[in-house]
Each structure stands twice: as structure tokens, then as C-alpha cells.
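The values are calculated or read from the model by the stated rules, or taken from the named source; none is laboratory data. Source: prediction; values computed, not measured. So basically every Cβ, Gly included, is an ideal-geometry build from the backbone, and we count neighbours across all protein chains shown. Side chains are part of the model used for accessible areas, which takes the heavy atoms of the whole protein and leaves out ligands, DNA and RNA. Shrake-Rupley method; radii C 1.70, N 1.55, O 1.52, S 1.80 Å.
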Amino acid sequence: MPKKINETLSSWKIISLKFFASFNLISPPTHSLDELDENDDFNDLVFLCKPCETAITVNNIAAISNIPNILTTRAQNFKLCSSPIAMTESHILTVKEEESGLRIDKFLSTRIPELSRSRIQALIKQGAVSQNGQNVTDRSASVKQDDKFIIQIPEIKEPEMVAADIPLNIVFEDDHMLVVNKQAGLIVHPGAGNYDSTMANALLHHCGDTLSGIGGVQRPGIVHRLDKDTTGLMVVAKHDAAHQSLSEQIQSRTLKRVYRTIVWGLPSPAFGKIDANIVRNNKDRKKMVVVESGGRHAITHYKVLEVFKDTFASLVECKLETGRTHQIRVHFQHIKHHLMGDSTYGTKNKPMPQGTPEDIKKFLRNFPRQALHSQYISFEHPKTGEIMEFTADYPADFQELLSKIRGLQK
């Protein structure tokens with residue numbers, strides 16, 4: 001093989017080691033690189049970007065060394081990846097005798113202390129961590145002496161946040177924070193497919209660039225979140241000190257949140273605690289599920305406030321001891337009393353009281369969102385320490401739902 005081609009291929013091998021990891025690439029060549037010649041047809045040498053499933057076909061020697069530029073240009077110009085990334089640094093680690101038996105994520109976060117456990121876990125999901133030449137998929141697996149790990153740490157480049165003139169129902173505001181009564185249908189922070197019509201975009205428009213940056217570029221000021229179709233009270237930090245204070249109150253459980261929901265049936269007992277760990281559903285990554293072991297600890301305290309005709313539905317108050325994704329919705333599905341209107345975790349085919357008019361049946365079964373409302377929030381003011389308490393009335397659709405259900409009692 002000509003020397004020039006050998007040099008190019010050698011360069012390409014070096015590039016591949018760096019950029020395969022940083023762009024989550026796999027390569028299925030039909031022949032080995034050492035067999036390639038200047039006149040070879042490269043149409044079957046394909047590189048696949050796993051996050052966005054975009055294939056790049058390389059058809060000449062020069063294109064091989066240009067792969068990083070092709071990927072970077074495509075990712076930036078066409079946003080084919082939701083989080084385009086560029087290589088920044090890598091670590092090569094060997095497990096010592098005294099480290100044998102540690103969980104993988106614990107081992108890595110101990111050896112690379114600047115990375116949090118959650119950051120390590122995210123890197124594993126991205127395919128940026130290998131163990132003895134194989135991608136790590138189970139963060140909880142144990143390491144063994146002399147295992148070799150390679151960790152590629154990319155710099156996440158997120159789409160630039162833009163302000164959007166979206167109406168917000170602001171209950172309270174001062175120089176340190178604000179309390180918002182969120183409407184149904186409003187996503188809290190940007191994600192794949194929605195970068196310009198979220199509550200975070202609305203907050204940027206309202207507050208300018210004064211919001212706390214602790215939550216990251218995509219979550220300015222956001223301390224906690226509500227699901228898209230859950231309504232009610234949220235607190236937002238205007239600067240980093242306020243964000244830190246409010247976040248610590250969530251961790252210490254001194255920030256109190258109380259929800260109201262309408263569930264099918266009558267939970268038994270009428271008041272109690274649902275203590276059940278939650279994990280993301282392996283079959284549907286948009287959903288969560290209760291597991292007997294593993295997952296994240298989750299506790300919901302509840303109290304039935306009102307029982308409706310023939311116990312077909314109940315108004316329930318919920319207090320969160322933890323704040324997991326979809327926690328209330330998953331917990332009530334777990335005890336077989338899912339939230340009315342929750343198409344993700346429930347079903348429309350629920351029995352109604354005898355004699356229920358057809359139009360009422362249709363209304364109840366087709367309520368367009370989970371009947372869940374963040375009705376009360378309390379916390380210490382991040383600057384003064386004063387106890388702040390706020391209550392939000394039910395939104396109009398929730399009130400209408402209650403009214404129609406109560407009307408069946410007559």
C-alpha cells in the first residue's frame with residue numbers, strides 16, 4: 001500500500017479512537033482497513049451516529065479524516081442529535097485490589113471526584129464508558145481487580161435558550177424568587193422536540209438573564225418541576241444563592257408540597273402511605289414503574305377528602321416525601337386507583353354509578369389530562385428565612401370535573 005495511504009489510515013485510526021467515543025459511533029466495515037487501497041470503493045464503509053441514527057457513508061480516503069468535521073457540521077447545522085457533543089478529555093483507569101467489589105458508578109465517581117454519580121450514570125447511558133473493551137450497560141455491576149475502564153467525557157452542547165412571550169400566572173415575586181401557578185399543557189423545561197415554548201423560555205422573557213444558572217442552560221431558575229399536564233404551584237429561583245437554598249430545602253424536606261387529585265375508586269385505607277421504589281420502564285422509556293428492589297426510593301402520603309357516589313371515585317390529598325418523576329401517578333396506578341384522565345398510567349374503561357347519563361360518562365372517561373393539581377407550597381424565604389405559604393384554587397377544568405362528579409350524588 002502506498003506510504004501516503006498508510007499515513008492517512010494511521011491518522012484515521014487515531015481519530016477513530018477519539019471520535020467514536022465522543023460521537024457514540026459504531027463502524028461496520030466489510031473489509032479491514034489494512035486491505036484498503038487508493039482506488040477502493042468505500043461506499044459500504046458506513047458510520048452510524050447512534051443518538052440520532054444518522055448514517056454517514058465514507059467513499060474515499062480523504063473523507064475518512066474528515067469524519068469529525070462532517071459530524072460536527074451536521075449536528076450543529078441540522079440538530080440531528082438532541083445533545084451534540086465534542087470530545088474534551090478521557091480517563092483510563094485500572095481497578096485496584098481494595099476497590100474490587102464496588103459498584104461501577106461508585107468506583108468511577110470515587111476515582112474521578114469532579115464527576116457526580118448522576119453524571120457518571122449519564123455517561124454510561126451515552127455509551128461513553130467501557131470496561132475491558134466492552135461498553136458498560138449496568139451501572140450497578142461490581143468491578144473486579146485489574147478491570148480496565150476507559151471514560152470519554154464530552155462537553156455537552158445544548159441548543160441556545162430563547163425567550164418566549166408565554167403568559168405566566170405569577171402568584172408572588174420579589175428580587176430573589178417567584179411563585180408560579182402553572183397552567184396545563186405547559187412543559188417546564190426544554191427537551192427533545194421542544195426548545196422554545198416551555199416555562200423556562202417564558203421565565204427568560206419575564207426575568208431576562210437574572211435567573212439562576214445552577215439548573216443549567218436548559219433549566220434557568222428551575223428548582224423543581226411539574227409534568228406537562230399537571231397544574232399548580234412552583235417556586236423559581238432568580239439567583240444562584242436562592243436556588244441553592246430552595247434546593248437544600250427540597251433535600252431536607254422542609255419545602256412542603258401538597259397536591260389534590262381525583263382517582264378512580266376508593267383507596268383503602270382512606271389515609272396512609274405508599275412506599276414503593278420507582279424506576280424507568282425498560283419497555284417504554286417515557287414511563288416509570290414500581291419495582292420491588294432497586295430503583296429510587298419514593299414515598300407518597302395520602303388522605304381521602306371526599307368519596308363520590310357508589311365509591312366510583314375519590315378526591316384525594318397527597319403529600320410528597322420524595323419527588324420522583326410521575327411519582328403520584330405511578331403510586332396510585334400501583335395501588336390500582338389511577339388518576340382520572342391519566343392516559344399514560346390508566347384506562348378509560350372504568351365502571352360508573354348506575355344511571356350515570358351517557359354525556360357524563362363520556363366527559364369523565366375522556367377528561368384530557370391527569371386530574372392532578374399542586375394546591376399548596378410552603379418554604380423558607382431564601383433571603384429572609386420567613387415562612388412563605390401559597391395556595392392555588394383548582395383550575396377551571398378541574399372544577400368542572402368535580403362539579404359533574406358531585407352532580408351524580410343528587
Restricting attention to the stretch 124-132, does a residue exist that is part of a helix (DSSP H, G or I) and at negative phi? yes
Verdict on Lys410 being at pLDDT below 95, open to solvent by 20 Å² or more (accessible area, probe 1.4 Å) and under 14 Å from Gly265 (Cα atoms): no
Among the residues that make up the stretch 323-335, is at least one of them surrounded by fewer than 21 Cβ atoms within 10 Å (Cβ to Cβ), modelled with pLDDT of 95 or more and more than 22 Å from Arg257 (Cα to Cα)? no
Which members of the stretch 288-304 meet the condition of being modelled with pLDDT of 95 or more and open to solvent by 70 Å² or more (accessible area, probe 1.4 Å)? Lys303
Of all strands (runs of 3 or more DSSP E) fully inside the stretch 189-287, the set with 1 or more residues that are farther than 27 Å from Thr384 by Cα, at pLDDT 95 or above and open to solvent by 30 Å² or more (accessible area, probe 1.4 Å) is 256-264, 271-275, 277-280
Can you say whether Ala163 is open to solvent by 20 Å² or more (accessible area, probe 1.4 Å) and assigned to a helix (DSSP H, G or I), as far as the supplied structure shows? no
In this structure, is Glu317 open to solvent by less than 40 Å² (accessible area, probe 1.4 Å), more than 21 Å from the chain's Cα centre (by Cα) and among the acidic types (Asp, Glu)? yes
Among the numbered criteria (1) assigned to a loop (DSSP other than H, G, I, E, B); (2) closer than 28 Å to Ile278 by Cβ, which one does Lys383 miss? (2)
Give me the pairs: first residue in the stretch 122-134 and in contact (Cβ under 8 Å) with a residue 24 or more places away in the chain, second residue part of a loop (DSSP other than H, G, I, E, B), beta-carbon distance under 6 Å, and six or more apart or on different chains, which are they? Gly127/Asn24; Val129/Val136; Gln131/Asp147
If a residue has to be surrounded by fewer than 21 Cβ atoms within 10 Å (Cβ to Cβ) and farther than 14 Å from Thr137 by Cβ to count, how many in the stretch 103-124 make the cut? 12
Among the residues of the stretch 340-390, what is the count of those that are out of contact with any Leu (no Cβ under 7 Å at 6 or more places or on another chain), within 25 Å of Gly221 (Cβ to Cβ) and of a type in the set (A, V, I, L, M)? 2
